[in-house]
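The values are calculated or read from the model by the stated rules, or taken from the named source; none is laboratory data. Just so it is clear, the model here is predicted, and its values are computed rather than measured. In this analysis, Cβ positions are derived from the backbone assuming ideal geometry, glycine residues included, and neighbour counts consider all displayed protein chains.
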Amino acid sequence: MKKITGILFLCLIFLLQGCGETETEKNPVVSSIKIGEEQTILHIMIEEFDTSIYQEQELRDLAEREIAIYEETYGDGSIQVENVTASNGIMNFQMKFKTYEDFERYTGDILFIGTLEDAYKNGYSLDVLLKDVKSQKTIGKNELMQMAESNVIITSYQGDVIAPGKVLYHSADATLKSNRTITPNSEEVTYIIYK
């Protein structure tokens, strides 16, 4: 009996910690990019939609023609149309990118995923102010240089950014929407450190 009670208690703690995705992280209701564990990118575009101009299948066909042109240069399987739905005047269009480089080339938005050390080696500045999610204090370049192995997302994307893990620090001008979701509030790049 004690063993069963202990297991139930551990399950309850796990659930209360909120380790899983929230409903809006699973099914975003605003345009978002969702970073997968393998650094794949799911781009979810949610916009008003006029069914008198396009039908769902026409949108899918148009996207697949654009993807075919892209893949002639960068390789098959780089991008896939995951879902296209339109209802009540709202379109939900989802594309999956194999790498962050594919997303960056296709959309023109800056996107980098790696360690802070890799970001620095790739020319990204660490002279930025980030907010600590726990303490709400800001940290800068000196602290970031000591966190070389920390995972970072750097992007100019202007929708919600859903990290594959819990956000620890983010650009001071961005908004933490949930444990894993950041809303950029600047047209400059947004930094997100996560675990």
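Given the options Thr24, Thr5, Thr85, name the one that is β-branched (Val, Ile, Thr), modelled with pLDDT under 90, under 23 Å from the mean Cα position of the chain (by Cα) and in a helix (DSSP H, G or I). Lay out the reasoning, then the answer.
Values: Thr5 fails: under 23 Å from the mean Cα position of the chain (by Cα); Thr85 fails: in a helix (DSSP H, G or I).
Being β-branched (Val, Ile, Thr), modelled with pLDDT under 90, under 23 Å from the mean Cα position of the chain (by Cα) and in a helix (DSSP H, G or I) holds for just one of Thr24, Thr5, Thr85, which is Thr24.
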Could you please tell me which pairs satisfy a Cβ distance under 9 Å, a separation of 6+ or placement on different chains, a first residue in segment 46-68 that is at pLDDT 80 or above, and a second residue that is in a loop (DSSP other than H, G, I, E, B) and of a type in the set (A, V, I, L, M)? Ile46/Val29; Ile46/Val30
Can you pull out every residue in segment 141-178 that is within 22 Å of Asn27 (Cβ to Cβ) and of a type in the set (Phe, Trp, Tyr)? Tyr157
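Do you know which of the residues in segment 17-46 that are under 22 Å from Asn88 (Cβ atoms) and among the small types (Gly, Ala, Ser) is surrounded by the most Cβ atoms within 10 Å (Cβ to Cβ)?
Looking only at segment 17-46, we keep the residues that are under 22 Å from Asn88 (Cβ atoms), and these are 23-24, 26-32, 43-46.
Now narrow it down to the ones that are among the small types (Gly, Ala, Ser): 31-32.
On the way: Ser31: 16, Ser32: 22.
So, considering only residues that are under 22 Å from Asn88 (Cβ atoms) and among the small types (Gly, Ala, Ser), the one surrounded by the most Cβ atoms within 10 Å (Cβ to Cβ) is Ser32.
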The one condition Asn83 fails out of (1) touching a strand residue (DSSP E or B) at 6+ places or on another chain (Cβ under 8 Å); (2) closer than 30 Å to Leu59 by Cα; (3) touching a residue at least 24 places away in the same chain (Cβ under 8 Å) is (3)
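Filter segment 47-71 for residues that are part of a loop (DSSP other than H, G, I, E, B) and among the hydrophobic types (A, V, I, L, M, F, W, C); which is surrounded by the most Cβ atoms within 10 Å (Cβ to Cβ)?
Phe49
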Qualifying positions in segment 145-166 - of a type in the set (A, V, I, L, M) and closer than 23 Å to Glu101 by Cβ: Ala148, Val152, Ile153, Ile154, Val161, Ile162, Ala163
